Amino acid sequence: MNEAFIYDHVRSPRGRGKQGGSLNSITPMNLTTQILAALRDRSKLDTSILDDVILGCVTPVGEQGANIARVAAINANYAESVPGKQINRFCASALEAVNSAASQVMTGLSRAVIGGGVECMSRVPMGSDGGAMAIDPQTSYHSYFAPQGIGADLIATLHGFSREDVDSYAVSSQKRAAHAWEQGYFSRSVIPILDHVGDVILDHDETVRSDASMESLGNLNPAFAVMGDQAGFDDVVIQKYPEVEAINHVHTAGNSSGIVDGASAVLIGSAEAGREMGLKPRARIRSFASVGSEPTIMLTGPAPASRKALKLAGMETTDIDLYELNEAFASVVLLYMKLLDIHHDKINVNGGAIAMGHPLGATGAIVLGTLLDEMERRDLSTGLVTLCIGAGMGTATIIERV
């Protein structure tokens, strides 16, 4: 089996995902086109070598529909021979796109593939595509469906994470993200996004709050208490977990991932393709895995996915130098650290989605790139990136510098 190497990666800054956000005027096609063009141009890539472009997108309707991967490649003036496909594994879509790209290279069926993703949540709101999981009573009754925020609060209730615990983690995320931006840690990979006349409209993650504090976060109301009570979702999850007397609603807008716009792309290839492209590999992909997890909580997949990827790589948790776990909610990261016995100094060291936002279809490749850049900055060898996923899943990928 061939080895799959990471040769380069780029991402957009993340813009506030609502009207008035800096990227709200940029269509998903425009945003994706700029990212694909940037990856090509800075690597001086002859795109005719590419065998595929695979992009994650969680809400592939409207402006994000019609196989945005292929059409964006055409729009970016890639070689006509380059196909494209859009995939959806909810929050891990972009990481799944990278893993799929690696699979094609490892099997020898492809030489070089781009994996990444896009989500413009200010223009195509989350849930616009509908789906039986949440709106079909027969389906939601069978799975004890509750929104992810209720699941995050259930994790906190079951594992004893207090409001102070989740707020403290969120403050740390904001401080770490602000420090990383101040020190230029993201500058190598973030591509400024331009408007139609070529002016820069955003060159930094827009939702970072360096002034976040326990006091400011403590003033926020729980985000999911009303829907838990009035919409009956607390009763639903207590039916699934009868040992719980009441849900402790600790998550707020301040300790949950932000809604943002963003796009990302990672260039994956074989050693032979690297020589042909004239590029040196930055890391190899050691292993990757996806799992199903309990669908009512939805958010407990990262630990078993990580264990599966570690087993495939013949590694233990102590063999990993640095971790990235998407900060969907603070309790997700607290549980992961508890289950795998990981110290906070080794995970999300430059903050995460609580500070910088979670553009659903793009985040997996963003956090993979963040991990690789920080491994290089610290001269570390191994890293693991993982995400929790809607409907109860987890995906994890292990990389090793070369």
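Here are the numbers:
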quantity	calculated
Tally of residues being open to solvent by 80 Å² or more (accessible area, probe 1.4 Å) and among the β-branched types (Val, Ile, Thr) across segment 169-224	2
Every pair of residues 6+ apart whose Cβ atoms lie under 9 Å, when the first sits in segment 228-243 and is small (Gly, Ala, Ser) while the second is outside any helix (DSSP H, G or I) and surrounded by 10 or more Cβ atoms within 10 Å (Cβ to Cβ)	GLY228/ALA146; GLY228/PRO147; GLY228/PRO222; GLY228/ILE247; GLY228/HIS249; ALA231/PRO147
Where LYS175 falls short, out of the listed (1) touching a helix residue (DSSP H, G or I) at 6+ places or on another chain (Cβ under 9 Å); (2) more than 19 Å from ILE354 (Cβ to Cβ); (3) not in a loop (DSSP other than H, G, I, E, B)	(2)
Count of residues meeting criterion [under 28 Å from GLY254 (Cβ atoms), out of contact with any Lys or Arg (no Cβ under 9 Å at 6 or more places or on another chain) and of a type outside the set (A, V, I, L, M)] in segment 132-150	4
Top-ranked residue in segment 293-319 [being among the charged types (D, E, K, R) and touching a strand residue (DSSP E or B) at 6+ places or on another chain (Cβ under 7 Å); ranked as farthest from ASP153 (Cα to Cα)]	ASP319
Those residues of segment 47-103 which are under 26 Å from PRO125 (Cβ atoms) and aromatic (Phe, Trp, Tyr), in sequence order	PHE90
In segment 286-303, residue least open to solvent (accessible area, probe 1.4 Å) [restricted to those that are more than 20 Å from VAL237 (Cβ to Cβ) and not hydrophobic (A, V, I, L, M, F, W, C)]	SER287
Qualifying positions in segment 18-73 - open to solvent by 20 Å² or more (accessible area, probe 1.4 Å), more than 24 Å from ARG188 (Cβ to Cβ) and in contact with a helix residue (DSSP H, G or I) (Cβ under 9 Å, 6 or more places away or on another chain)	THR27, MET29, ASP51, PRO60, GLY62, GLU63, VAL71
From the options ALA391, ALA365, residue that is closer than 17 Å to ILE87 by Cβ and surrounded by fewer than 24 Cβ atoms within 10 Å (Cβ to Cβ)	ALA391
Residues that are surrounded by fewer than 22 Cβ atoms within 10 Å (Cβ to Cβ) and without any contact (Cβ under 8 Å) to a residue 60 or more places away in the chain, drawn from segment 77-102	ASN77, ALA79, GLU80, SER81, PRO83, GLY84, LYS85, ILE87, SER100
Residue among ARG307, ARG282 that is more than 30 Å from PHE224 (Cβ to Cβ) and either touching a His at 6+ places or on another chain (Cβ under 9 Å) or basic (Lys, Arg) (or both)	ARG282
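The values are calculated or read from the model by the stated rules, or taken from the named source; none is laboratory data. This one's a predicted model, so the numbers in the text were calculated from it and none came from an experiment. No Cβ is skipped: glycine too gets one built from the backbone with ideal geometry, and neighbour counts run over all protein chains shown. To get the accessible areas, we keep the full protein, side chains included, count just its heavy atoms, and leave off ligands, DNA and RNA. Shrake-Rupley method; radii C 1.70, N 1.55, O 1.52, S 1.80 Å.
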